[in-house]
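In what follows, a structure is listed as structure tokens, so that the remarks can point back to it.
The values are calculated or read from the model by the stated rules, or taken from the named source; none is laboratory data. A quick note: this is a predicted structure, and the numbers were derived from the prediction, not measured. A quick note on method: Cβ atoms are made from the backbone with ideal geometry, for glycine too, and the neighbour counts reach across all protein chains shown.
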Amino acid sequence: MDIMKHLDNALKEIDDEVQSILINMKLSLSDKDDLMLPLVQQKRIINQTKEDITYLIQNPPTKTGGCGMSKYRDD
């Protein structure tokens, strides 16, 4: 599926950006933290989206039962 490729590419781009921040010696630790926090949040959202889409592909919604996503998620 194309959506999974896009999600995987987005995750790879985030990982690459985090690595570039980590190896940048000109940045202080607090600057690195400030730059990485939004990236980590984005990565968490993309991972959750990927898990949700995988669940929906494996368990397509029925007309009467809905998607059952509330039973799947822990949060």
Identify, by number, the condition in (1) modelled with pLDDT of 90 or more; (2) surrounded by 11 or more Cβ atoms within 10 Å (Cβ to Cβ); (3) not β-branched (Val, Ile, Thr) that GLN19 doesn't meet.
(2)
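Every residue, every condition in (1) outside any helix (DSSP H, G or I); (2) modelled with pLDDT under 90; (3) loosely packed, with under 13 Cβ neighbours inside 10 Å, yes or no:
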residue	(1), (2), (3)
LYS12	no, no, yes
ASP15	no, no, yes
ASP31	no, no, yes
ASP34	no, no, yes
ILE46	no, no, no
PRO60	yes, yes, yes
SER70	no, yes, yes
Between a first residue in the range 26-37 that is hydrophobic (A, V, I, L, M, F, W, C) and a second residue that is assigned to a helix (DSSP H, G or I), which pairs have beta carbons less than 6 Å apart while being 6 or more apart in sequence or on different chains?
LEU35/ILE21; MET36/VAL18; MET36/ILE21
Given the criteria assigned to a helix (DSSP H, G or I) and out of contact with any Asp or Glu (no Cβ under 7 Å at 6 or more places or on another chain), does LEU7 qualify?
yes
